Amino acid sequence: MESADVGRAISPEPSRSAQTTFSAKEEPPEGLLPQGLLKSGLRHARVASSLGERMLYSRDQSEIPNFLKQILFDPTPEAVVQAESAEGVLDVLRFALQTGISVIPRGAGSSPFGGSMPVRGGIVLDMSRMDKVIGIDKAARTATVQAGVRWADLDHELGKKGLTLMTCPSSKFSTVGGWVSTGGIGLNSFSRGHLMRNVLSLEIATPGSGVVRLTQADKDFQLVFGSEGQLGVVTSVTLQVRPVPERSRPRLVMFPDHASALSFAEDAAVAVKPVHIFFESALRVSYTNKMLDAPRITPGDAVIVYIEDEPSQKAFDELIASNHLKEEPEYLARYVWNERFFPMKIRRFGPGMLGLEIVASKGSLRDIISSISTRSVELDLAPMFEVHMLPGDEALMLCFFMTDQGNTLLFTLDAFKSLLLTRLAVDMGARPYSVGIWNHAFSDVAEKGRKDAMHKLKTVYDPRGVMNPGKYFRLSGRFGPVSGLMMEPKLMGPVLKAILRLSPLTFPILHRATEFARERLEPKSRPMDLRVADECAMCGACVGVCPAYLAVGDERVTARGKMLTAKAMAAGDRITKEHAHRTFLCMRCKACEQVCQSKLELIPFYEELERRLEQIHGRDAQEIERFVRFSESSPEYDALVERGLVIGAPKHRGGGGQGAV
Ligand SMILES: Cc1cc2nc3c(=O)[nH]c(=O)nc-3n(C[C@H](O)[C@H](O)[C@H](O)COP(=O)(O)OP(=O)(O)OC[C@H]3O[C@@H](n4cnc5c(N)ncnc54)[C@H](O)[C@@H]3O)c2cc1C
Ligand code: SF4
Ligand code: SF4
């Protein structure tokens, strides 16, 4: 372990130059904290202070009923800092140490557990602009990156050298540092294991010990994984990478029930030794069929086995022959495998999706799935499951169900039901995958030894407790610890248990409330832009590919930002002229549509939103013109064109019309 004083970074890193940032019309700085930050001599960082921009950082991917969030927490940060170098990060931490202001690290904001959401103001430290690949060593098969690099961008750079990732989340648009700090279980985890097995070293900037470099040999190394921003800010990571496989083929087999599918998955894990293996329940498959032009996959529970070598292909052939199984055609197997990067596509059928993510022993999964399925029927839910096999005895299980997030009561009830189902799984021996805010009721199930060790390390790395406070160890919020009481494991745990135990009495009440919400509170017809905003998964996949965002650095120009603008307008919030004018900074390039998780048709939504904003604030044609010229000549834009992401390549965008490019 090496450590450096606060104020000195170990790795010299490049930072974004002024020429690559478009200076949109200034917004007056709001609040004392941003001004204090600016005066403190902050290096290599952009400070966002307007309410419109800070509002975007008051949430992550999760859809929690807004009223609940606002009652319990104060989720809007007082300032947002987009760091562009480790020096900038250290400057923010030094400021926090002096003032006691909290710092909430954030990557792409794609996690659904509330880990990057402030509970009581403070500074959100947006790491997604620290997005440089520092170096790739082809011979050693390693890559060193700034923590804000998105997995997809890293994989693209690796591909140029014939290399690829060992593992990544299916949210390939999330950041390396974000995944280090949360989950770590994703694609290829069956063969490559948890992310921590594939990271060789990392640097973490801490308020108490400066920049600390940890390698696999250090005892504290593994504590950083899943630490959810409690210890410090991960600034750079060195990963093991591998050559692109010469041949690969996913195989798809269907089963009449989940028990036989999971048995086969376990047999295949031993006999075939594939790169990855996962299960999808019949309802999940039926949604995939719904998205195809015709139902093509044989109905049933699916096992997908992803293989990269010839002996494993042969072993798979033998396994299905000896079990007298029929395999689905290769094109369907490839379709399902490729859809792994779009797990939220089906969300728009809700519109809205809720669920739970747990880690459990392989042996307990059949019973957990059966129990959740039975209880879900009683709770008016239709659950679908996904299971990713891990090395050893464990597996990651995801359970989702559709909901309508436009119906506040129904949505609140369904969110509560997901807590009940998590409790059910936890009582059967599972543990929550991540904690954040929304799984805090189950934080007592986290490995005890690990939590104690993390707490001990926190007293060294973060002696003043400024890192992401009010989470993980003890939840607090707008009213201090009182806000967190509701989710305290000692309180919420027994409440959930009692509701489950008294289900003959409690479930009919939930059922009647659900019926009432569905029948009486069905949302009236929603305007087009709000309907689209409800269908949006808020995942952030559209942010990193948006040339406007890469030029301006303000998320309000992105699809996710515009969704939140539409929601704010619907809630009656005032949108300032500067905010509106940022919304017009759009190339109409459709890169956002190409990567959209919910497969939304976004351009008509932009047209409608812009039309409504233009009626209030007019449109600054000159600024739009200046922006288009700037963006078109930027290296970031060229890189997007090279990657085939920009399909509606803009020629020229004038003002006043329908936003035609
Ligand atoms: C479509 C979709 C698919 C997904 N698939 C997977 C999957 O396969 N596996 C999986 O595990 N998860 C998955 N997720 C959840 C989520 O995308 C991942 O956990 C992701 O890695 C989070 O990264 P992020 O950059 O978005 O972090 P954020 O959501 O911004 O932050 C997550 C947590 O990490 C902390 N943090 C972020 N950056 C840093 C940093 N640099 N230093 C210190 N702390 C930091 C934050 O404070 C917060 O507590 C998926 C989500 C979506 C929407
Ligand atoms: S069309 Fe292009 S510039 Fe506009 S929001 Fe989508 S990705 Fe960004
Ligand atoms: S517009 Fe699409 S990609 Fe962007 S946040 Fe919404 S669902 Fe995700």
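Observations on the model:
- Residue selected from the range 592-615 under the condition out of contact with any Gly (no Cβ under 9 Å at 6 or more places or on another chain) and in a helix (DSSP H, G or I), by the criterion nearest to ligand 3 (Cβ to nearest atom): Cys592
- Some residue of the range 377-386 being over 27 Å from the mean Cα position of the chain (by Cα) and modelled with pLDDT under 95: no
- Check on Lys562, within 9 Å of ligand 3 (Cβ to nearest atom) and part of a helix (DSSP H, G or I): yes
- Under the condition of being modelled with pLDDT under 95 and not small (Gly, Ala, Ser), the residues counted in the range 278-296 number 9.
- Breaking point among (1) under 20 Å from Val47 (Cα atoms); (2) touching a helix residue (DSSP H, G or I) at 6+ places or on another chain (Cβ under 6 Å), for Gly544: (2)
- Candidates are the residues of the range 578-591 that are over 24 Å from the mean Cα position of the chain (by Cα) and not in a loop (DSSP other than H, G, I, E, B); the one that is farthest from ligand 3 (Cβ to nearest atom) is Glu578.
- Entry remark, the range 339-376: residues being among the small types (Gly, Ala, Ser), buried (at least 18 other Cβ atoms within 10 Å of the Cβ) and modelled with pLDDT under 95 number 3 in total.
- Considering the range 123-155, the residues that are touching a residue at least 60 places away in the same chain (Cβ under 8 Å) and β-branched (Val, Ile, Thr) include one that is farthest from ligand 2 (Cβ to nearest atom), namely Thr142.
- Condition check for Ala395: more than 30 Å from Met528 (Cα to Cα), of a type outside the set (D, E, K, R), buried (at least 22 other Cβ atoms within 10 Å of the Cβ) and in contact with a Lys or Arg (Cβ under 7 Å, 6 or more places away or on another chain): yes
- Near pairs, Cβ below 9 angstrom, 6+ apart or cross-chain, from the range 235-246 (small (Gly, Ala, Ser)) to any residue that is surrounded by fewer than 17 Cβ atoms within 10 Å (Cβ to Cβ): Ser236/Ser11; Ser236/Ile134
- Residues located in the range 156-176, provided they are in contact (Cβ under 8 Å) with a residue 40 or more places away in the chain and more than 12 Å from the chain's Cα centre (by Cα): His156, Leu158, Gly159, Gly162, Leu163, Thr164, Leu165, Met166
- Filter result for Ala548 (of a type in the set (A, V, I, L, M, F, W, C), away from ligand 3 (no atom under 12 Å from the Cβ) and touching a residue at least 40 places away in the same chain (Cβ under 8 Å)): yes
- Qualifying residue in the range 566-576 (condition: under 30 Å from Tyr287 (Cα atoms), in contact with a Phe, Trp or Tyr (Cβ under 9 Å, 6 or more places away or on another chain) and either away from ligand 3 (no atom under 15 Å from the Cβ) or not aliphatic (A, V, I, L, M) (or both)): no
- Residue satisfying all of: in the range 616-625; part of a loop (DSSP other than H, G, I, E, B) and without any contact (Cβ under 8 Å) to a residue 60 or more places away in the chain; nearest to ligand 3 (Cβ to nearest atom) among these: Arg619
The values are calculated or read from the model by the stated rules, or taken from the named source; none is laboratory data. Everything quoted here is computed from the prediction, not taken from an experiment. Quick reminder, even Gly has a Cβ in these numbers, built from the backbone with ideal geometry, and neighbours come from all protein chains shown.
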